[in-house]
Amino acid sequence: METKTLTKKQEKKQTTMRISGAEAVIHCLLAEGVDLVYGYPGGAIMPIYDELYKFQDKLHHVLTRHEQGATHAAQGYARVSGKVGVAMATSGPGATNLVTGIADAQIDSTPMVCITGQVASHLLGSDAFQETDIVGISTPVTKWNHQITKASEIPEVIAKAFYIARSGRPGPVLIDITKNAQFEEFDFSYEKCTGIRSYNAKPEIDKSSVQQAAELINSAKKPFIVWGQGIILGQAEEELKQLIEKAGIPAASTILGLSALDSDHELNTGMVGMHGNYGPNVLTNECDVLIALGMRFDDRVTGDLNTYAKQAKVVHFEIDPAEIDKNVKTDVAVLGDVKESLQELMPLINSNKHEAWHEEFKKRYAVEFDKVIKNDIHPEKEGLTMGEVINQVNRASKHEAVIVTDVGQHQMITCRYAKFNKTKSNITSGGLGTMGFALPAAIGAKMGDPDREVVAVIGDGGYQMTIQELGTIFQTGAAVKIVVLNNDFLGMVRQWQQLFFDRRYASTEMVNPDFVKIAEGYHIKAKRVSKREDLEAAVQEMMASKEAYFLEVKVEKEDNVFPMIPTGSSVADIRLS
Amino acid sequence: MEEKQSYTISIYSENNIGLLNRISGIFLKRHINIESLNVSGSEIENVSRFVIVVNTTESWARRVVGQIEKQIEVIKAYYHTDDETIFQETALFKIKSDLLFDQRQIQNIIKESHSEIVTVSRDFFVIAKTGRRPEIEALYDELRPYGIMQFTRSGRISVSKERMDISTMLKEFQLIN
């Protein structure tokens with residue numbers, strides 16, 4: 001370890017004890033406040049599992065049915081609790097199975113520490129049984145990773161791992177520990193990491209940039225806020241609300257920012273992006289000052305960059321310097337923690353109303369309601385729509401549930417229509433678009449805040465990518481509510497085939513099993529609904545259940561999600577049909 | 001279209017085993033070919049310095065440097081145009097010893113090119129030439145007709161004309177904590 005880390009003296013433990021590397025791992029996790037880990041055992045990590053057995057009253061281990069499930073569960077746990085999620089796996093295939101979840105956590109800035117076992121260090125590089133270069137493989141998708149070959153490295157490396165995972169822009173860290181390092185005994189003591197000299201987690205706020213931002217915001221006639229997950233990660237929900245209320249600025253969220261502001265707040269104009277709301281997308285290209293808060297101008301948000309908000313001055317509040325001017329050229333960049341920046345900004349902001357400007361959003365909403373929303377949530381046609389199912393979930397949840405979604409049409413519909421009145425309630429795979437995310441993530445979400453209702457809404461395609469995690473639900477008793485919106489299609493791909501590939505439905509139709517029987521096979525209460533008159537009662541029954549519950553809703557096979565910004569089009573050219 | 005030109009990317013980092021992989025991945029992801037790469041110690045103890053030459057646009061150079069700086073073990077990264085740096089490369093030429101005695105012209109070439117003879121043995125001698133790329137290429141072209149047994153050229157090494165306050169940055173960090 002050549003990296004210079006610093007630790008606070010007062011946090012130093014005075015005593016050292018002679019223990020194995022494996023036991024040290026457990027003590028490190030406990031010292032970091034971890035009480036729950038997700039994982040799957042195997043040869044190279046057995047010494048650590050042996051210690052987990054001894055420490056099971058202090059550190060609970062959830063056995064998922066696949067290592068990918070462990071990472072998504074850790075992600076769901078982290079996103080709901082705000083804590084670092086922990087996943088464990090053995091070497092080789094165990095480790096490679098973590099990669100999808102790690103990549104998902106990296107692109108969605110989720111704090112996660114993954115611990116993998118590795119073959120003994122004398123076997124490294126010999127193509128030993130279950131040897132794989134997981135540090136090499138995970139490098140592009142981790143915030144940091146490291147291989148430990150000596151037990152004495154364990155405390156410092158794990159301390160760094162947690163510090164890096166949770167500080168600044170959070171992300172996943174992978175620690176690979178050779179089997180000999182797990183067995184080896186050493187004098188253990190633990191010091192939390194409080195800084196790394198080559199890593200500036202939180203850039204210092206430049207007051208002059210805050211001043212310039214305030215001037216632009218105060219002078220704006222048509223200001224518009226787009227906030228992202230940075231608001232949630234930075235715990236700046238209250239500051240966001242104060243800013244929009246004081247300055248009278250209409251605001252919209254990226255998909256990952258949803259739930260940071262009450263869905264029904266009068267200045268919440270919905271969601272931006274490919275399947276976002278009509279008003280916020282179109283008016284991005286009419287506002288005069290665009291204020292981006294903790295978001296990264298993803299291509300699914302901006303559409304064609306050459307026609308994105310060209311008329312507007314852009315103010316970007318962001319903790320990651322590499323995001324400034326990465327996709328959209330900013331006029332004022334406020335680097336730093338968004339909560340602190342907004343606190344600095346508030347006293348400089350004039351009260352305002354911008355009523356005529358709000359009207360523009362209301363007008364666009366009326367158009368969208370008439371052309372899209374009405375038919376989605378109050379359909380008159382025979383087949384059930386995904387939108388009406390979400391509408392029933394909203395009614396039953398009273399907007400209080402954590403909603404976990406997978407990837408595809410159901411995800412877009414849910415993120416469009418689900419109502420939230422509490423932050424950290426929208427858990428979805430945004431950047432990576434990982435099918436199979438929702439079921440294990442819902443397990444983690446439920447364990448991250450057991451008092452909250454957790455509803456996983458999943459398509460029939462993604463559900464079958466991690467369906468084995470029903471076993472985890474059964475074994476742990478995690479009371480998650482699972483809604484599968486079944487259209488017997490990979491719906492989003494089918495929609496694109498219909499719109500852009502002349503209806504050539506290549507490999508998108510699914511012949512599905514009896515999902516109710518499968519759930520029942522895992523002893524999970526289950527029901528199927530295919531008629532409108534049965535929907536409300538079924539959703540109510542599911543929500544009232546104290547245990548896990550599976551509800552399959554047979555929805556219209558070939559419905560499309562609108563509005564839609566076709567790839568490469570301008571936000572202004574969003575299609576309503 | 002923004003014009004491509006040669007940029008020298010200088011990185012100060014901790015001396016870490018996996019960092020080269022992490023940094024090269026950043027170029028790979030964006031299909032930016034590394035023209036030359038040199039890793040060495042720096043003016044600060046235990047701090048490594050990468051000098052990487054790429055041919056790209058200014059906006060890509062800026063974004064790549066942003067991504068590099070984001071890596072935990074990178075202390076600071078910069079990008080400079082050729083005008084903003086002092087840079088050199090070194091080349092070694094291995095040539096048959098007979099030629100040194102049989103071909104008088106070779107001695108003149110060595111003299112005029114300001115290269116130096118590193119070693120002479122019974123079978124071969126080695127010439128080292130430090131300078132800019134065109135000077136090395138000119139020497140190569142002159143020696144080639146006589147037969148070059150081996151040729152190799154180092155990556156670019158460079159120092160910037162502007163200050164790079166790495167020591168101050170590191171000191172400040174120690175003081176804060």
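Quick notes on this structure:
- Summary value for region B:87-153: 50 percent relative contact order, contacts being C-alpha pairs under 8 angstrom separated by 6+ residues.
- Secondary structure note: in region A:5-196, about 25% of the DSSP beta bridges are antiparallel.
- Computed from backbone phi with θ = phi - 60° and the Karplus coefficients 6.51, -1.76 and 1.60, the 3J(HN,Hα) list for region A:36-41 is 8, 10, 10, x, 8, x Hz; x is used for glycine and proline.
- Options A:Gly477, A:Met492, A:Leu535, ranked by Cα towards positive dipole end of region A:448-577, top entry (Cβ charges): A:Met492
- Relative contact order for chain A, counting Cα pairs under 8 Å that sit 6 or more residues apart, in percent: 15 percent
- Of the chymotrypsin sites (Phe, Trp or Tyr not before Pro) found in region A:147-229, no site is in coil according to DSSP while having at most 12 other Cβ atoms within 10 Å of its Cβ.
- Separation of alpha-carbon centers, region A:46-71 and region A:299-328, rounded to whole Å: 42 Å
- Each of B:Trp60, A:Trp357 was scored by other Cβ atoms within 10 Å of its Cβ. Listed from fewest to most, they are B:Trp60, A:Trp357.
- Average Cα contact separation per residue, region A:121-201, under 8 Å, 6 or more apart, as relative contact order %: 34 percent
- Taking the DSSP bridge list for the protein assembly as shown and keeping only pairs wholly inside it, about 45 percent are antiparallel.
- Between A:Ala128 and B:Lys161, the FRET efficiency from the beta-carbon distance, with R0 = 45 Å, is close to 0.35.
- Average 1/r across all pairs of distinct alpha carbons in region B:87-153, invert it, and you get the Kirkwood radius: 11.7 Å.
- C-alpha long axis of helix B:166-176 to longest principal axis of chain B, angle in °: 30 degrees
- Tensor-based shape of region A:207-361 (alpha-carbon gyration tensor, a/c under 1.5 rounded, otherwise prolate or oblate): rounded
- Taking the Cα centre of the protein assembly as shown as reference, the dipole from Cβ charges on Lys and Arg (+1) and Asp and Glu (-1) amounts to some 200 debye.
- Farthest towards the positive end of the charge dipole of chain A, among the residues A:Ile249, A:Thr330, A:Ser126, is the Cα of A:Ile249, using unit charges on the Cβ of Lys, Arg, Asp and Glu.
- Listed pairs A:Lys326/A:Lys362; A:Lys326/A:Lys371; A:Lys83/A:Lys202; A:Lys241/A:Lys313; A:Lys207/A:Lys329; A:Lys83/A:Lys179 exceeding 24 Å between Cα atoms: A:Lys326/A:Lys362; A:Lys326/A:Lys371; A:Lys83/A:Lys179
- Enclosing the Cα atoms of chain A in their convex hull gives a volume equal to 151 cubic angstrom per residue.
- The charge dipole of region A:379-554, taken about its Cα centre with unit charges on the Cβ atoms of Lys, Arg (+1), Asp and Glu (-1) only, comes to about 300 debye.
- Ranked for footprinting exposure by Cβ neighbours inside 10 Å, fewest first, A:His523, A:His275, A:His358, A:His410 give A:His523, A:His358, A:His275, A:His410.
- Gap separating the Cα centres of region A:432-504 and region A:336-360, nearest whole Å: 37 Å
- The convex hull defined by the C-alpha atoms of region A:254-294 has an orientation-averaged projected area of 3.2 nm².
- Cβ-based exposure ranking for A:Asp262, A:Asp176, B:Asp102, in which fewest neighbours within 10 Å come first: B:Asp102, A:Asp262, A:Asp176
- Using a simple spin-label model with pseudo-atoms 7 Å out from Cα toward Cβ, B:Glu2 and A:Lys531 lie 6.2 nm apart.
- Euclidean distance of C-alpha centroids, region A:540-577 and region A:260-279, integer Å: 16 Å
- Förster radius 45 Å - calculated FRET efficiency between B:Thr119 and A:Asn306 (Cβ-Cβ, nearest 0.05): 0.15
- Label point distance in nm, B:Glu84-B:Val126, each placed 7 Å from Cα along Cα→Cβ: 3.6 nm
- Gain upon complete extension [A:Glu556, A:Lys54; 0.36 nm per residue less C-alpha separation]: 175.6 nm
Any read-out appearing in this document is the output of simple, stated calculations on the displayed coordinates, not a laboratory observation. Bear in mind the structure is a predicted one, so any value in this text is a computation, not a measurement. A quick note on method: Cβ atoms are made from the backbone with ideal geometry, for glycine too, and the neighbour counts reach across all protein chains shown.
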